[in-house]
Every structure is written in structure tokens, then in C-alpha cells.
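Here, each number is a calculation from the coordinates, and none is a lab measurement. None of these values were measured; they are calculated from a predicted model. Counting neighbours? That spans all protein chains shown, and the Cβs are built from the backbone with ideal geometry, glycine included.
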Amino acid sequence: MNNDLDLLLEYLPFLIPLIILQVGLAIFSAIHVIRHPYYRFGNQVMWLLIVLFIQFIGPLVYFVFGRGDRHSRAN
Amino acid sequence: MNQWFGFFKKEWFESVKTYKLLLVVVIFSILGILNPFTAKITPVLLEQFMPAGTIMDLPEPTALDSWLQFYKNVPQMGLVVFILLFSTMMSKELEKGTLVILLTKGLRRSTVITTKYMMAICYWTLAILLSFTITYAYTAFYWDQSTLQHLFFAASCLYIFGLLLIAVTLWGNTYFATPYGGILVTFIGMIGLFITAIFPQSKSWNPLELATAPPQLLTGDLLPADVFVSYLLTLGLTLVFVVLTVVHFKRKLV
């Protein structure tokens with residue numbers, strides 16, 4: 001067990017920024033999904049799942065293709 | 001020139017507002033950290049998953065492994081992400097008709113294309129610089145990098161290759177005026193490059209060489225002179241595609 005902890009400590013310089021960036025991006029996108037309920041396609045639950053569980057490709061797809069604005073809610 | 005900078009500024013604000021800056025910074029930082037991390041953790045993981053008692057002689061990871069990861073992740077993941085992000089550069093404006101007012105007010109059509117391409121170049125520069133610096137910093141911290149050759153030239157190869165792909169995407173996006181047009185054209189272009197790469201004779205000029213050669217450049221198996229032709233050809237093709245886009249857009253009905 002002690003061995004595992006040492007291993008974790010050794011990789012902490014990598015893990016801390018990685019986790020901050022990935023979790024930060026996921027949470028930021030999730031908040032955006034909830035606060036702007038207008039999508040080009042799909043619904044809120046779908047986008048929340050995509051954004052939270054597909055790391056960094058999920059938020060990217062949401063911001064580039066999924067995010068709609070208030071005025072173009074035609075579909 | 002004033003007009004050019006005005007439109008450039010508008011493009012910049014738009015890209016920040018559509019979260020492009022955020023996504024590029026976060027994703028390429030993640031990629032930058034992942035490279036040395038994967039290089040360092042792979043032998044440890046292998047050891048953990050091996051059944052007890054197996055004796056394996058795993059070599060210690062070196063700086064080269066970290067850079068190999070860089071040249072695997074950034075051309076694949078990084079470029080795909082980047083092309084996706086910038087695949088709607090023109091089609092968005094053409095679909096929404098937001099350019100009509102600006103163009104009737106006297107904005108030159110070539111300005112539109114050149115600023116958009118310039119903006120994408122700025123973002124690509126930022127992306128490469130970011131992941132390169134982060135990988136460089138981690139690698140320098142953990143390993144000795146003095147054995148590697150042409151470190152910066154190898155990175156510039158990848159950078160130039162990215163410029164070509166962005167130009168192709170911009171052309172496809174303008175020509176077909178749909179978000180998927182640019183991606184499709186780039187995808188077909190990549191397949192074409194891979195098919196030509198099957199023939200060994202194409203090795204001396206194929207632009208794809210710029211994306212695949214960097215590891216050999218680092219070890220010293222290839223010299224910068226060996227990729228010189230592909231380097232120039234890629235730059236030339238980039239220019240051709242940008243000019244093609246401008247020429248096509250000048251005749252396009254907006």
C-alpha cells in the first residue's frame with residue numbers, strides 16, 4: 001500500500017494540473033449547458049452527459065457544434 | 001490596412017466569445033502535460049499489470065520517449081481538435097449571412113479570407129507553443145535532453161504541416177459553405193497524402209513527411225536537408241490554397 005502512495009506522490013506534478021484542467025473544463029461546460037438551454041440539436045441531458053464524460057472532446061463538440069443561441073432556435 | 005486590422009480585431013473578439021481561446025489553451029495544455037506523463041508512466045503500468053514473478057527488462061524512459069509522445073499526440077489528437085474548432089470559420093458567416101452588410105459597406109473580400117486565415121495561424125502558433133513549452137519544461141526537468149537533435153526544427157515541421165491543413169480546411173469550408181465541407185475536404189486530402197505515402201519514391205517530397213519525420217529528426221536518422229523539399233512544397237501548397245480561396249470567394253455569391 002505504501003508503495004502505491006509513493007507512486008502517487010511521484011506523479012503528483014503531472015496529476016494536479018491534468019485534473020484541474022480536465023475537471024475545470026468539464027464543470028465550466030456543464031454550467032454553460034445548464035445556463036444556456038438552447039442547442040442546435042439534442043437536449044440538455046444529452047449535452048450534460050457528453051460534456052461531463054467525454055474528456056476534452058465533449059466540451060469541444062458542444063462549444064463548436066452544439067451551442068446554439070437564443071435567436072436561432074428554429075430547430 | 002486599417003480595415004484589415006479592424007476586421008482582425010472583430011475576428012479576435014468573436015473567437016474569444018465563442019470560447020475558442022479557452023478550448024485551445026486548455027486542450028493543448030492537457031496534451032502538453034500528457035506527453036511526458038505517458039512516457040514516464042508506461043513502464044510502471046506495464047510492471048503493475050504483469051503477473052507476479054515475471055521478470056521484464058524494461059528500459060528506463062528517456063527524453064526521446066517523451067518527444068515521441070509529443071509527435072504522436074499533437075499531429076493526431078491536436079490537429080483533429082484544431083481542425084474541428086476552425087472548421088466553421090467561413091460557413092458560419094455564409095450561413096447566417098452576417099458578411100453581407102460588411103461587404104456592401106465596402107469591405108474587401110480578400111480581407112475577409114486573409115484575416116480569417118491569419119487568425120487561425122495565430123491560434124495554431126499559440127497551440128503549438130503552449131504544448132511544446134510544457135512538454136519541453138517537463139522533459140527538461142525529468143530527463144537529459146542533450147542527446148536530441150534538431151528539437152526546434154522538428155517542431156517547426158509539424159507547425160508548417162498544420163498551416164497546410166488549416167489552409168485546406170479554409171478552402172473546403174469556403175467552397176462548399178457547409179460546416180462539414182471543410183472537414184470532409186481535409187479528411188480526403190489526408191487520405192490522399194497517406195495513399196501517396198505508400199509509394200517510397202514520394203518520401204522526398206510528400207508533405208505528410210513533415211508529420212511523420214520528426215522522431216527520426218530527433219534521433220539524427222534524418223537531416224533537415226532530407227525534408228527540405230517537402231518543407232518548401234508544403235509552404236507553396238499553403239500559399240496556393242489561400243490564393244485559391246481568395247479567388248473563389250471573390251466570385252462567390254454571398
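Overview of values
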| quantity | calculated |
| --- | --- |
| Dipole of the protein assembly as shown, positive direction: furthest Cα of B:Thr114, B:Val254, B:Phe152, with charges on the beta-carbon | B:Val254 |
| Net charge contributed by nearby residues that have their C-beta within less than 12 Å of B:Thr62 (K/R +1, D/E -1) | -2 |
| Cross-link partners of B:Lys72 among lysines (Cα-Cα below 27 Å; sequence separation of 8 or more within a chain) | B:Lys20, B:Lys40, B:Lys203 |
| Residue exposure sequence - B:Trp124, B:Trp12, B:Trp67 - by fewest surrounding Cβ within 10 Å | B:Trp12, B:Trp124, B:Trp67 |
| For the protein assembly as shown, calculated [θ]222 nm from helices alone, where every DSSP H run of n ≥ 4 adds -39500 (n - 2.57) | -23500 deg cm²/dmol |
| A:Tyr39 long-range amide H proximity, modeled H, under 5 Å | A:Gly68 |
| Cβ-based net charge around B:Arg251, under 15 Å, with every Lys or Arg adding one and every Asp or Glu removing one | +4 |
| Surrounding net charge for B:Asn35, when Lys and Arg each add one and Asp and Glu each subtract one, Cβ distance under 13 Å | +1 |
| Fraction of the pair-distance distribution of the protein assembly as shown above 26 Å, Cα-Cα pairs, percent | 55 percent |
| Degrees, to the nearest 10: B:20-49 long Cα axis against longest axis of chain B | 20 degrees |
| Overall dimensions of chain B by Cα: Rg and Dmax, Å | 20.7, 77 |
| Exposure proxy ranking, count of Cβ atoms within 10 Å, fewest first, for A:Glu10, B:Glu60, B:Glu11 | B:Glu60, A:Glu10, B:Glu11 |
| Coarse-grained scattering of chain A at q = 0.27 Å⁻¹, given as base-10 log I(q)/I(0) from a Debye sum over alpha-carbon atoms | -1.15 |
| Per residue Cα convex hull volume in Å³ - calculated over the stretch B:14-90 | 96 Å³ |
| Mean separation of Cα contacts under 8 Å (6+ apart) over length of the stretch A:2-66, as relative contact order % | 30 percent |
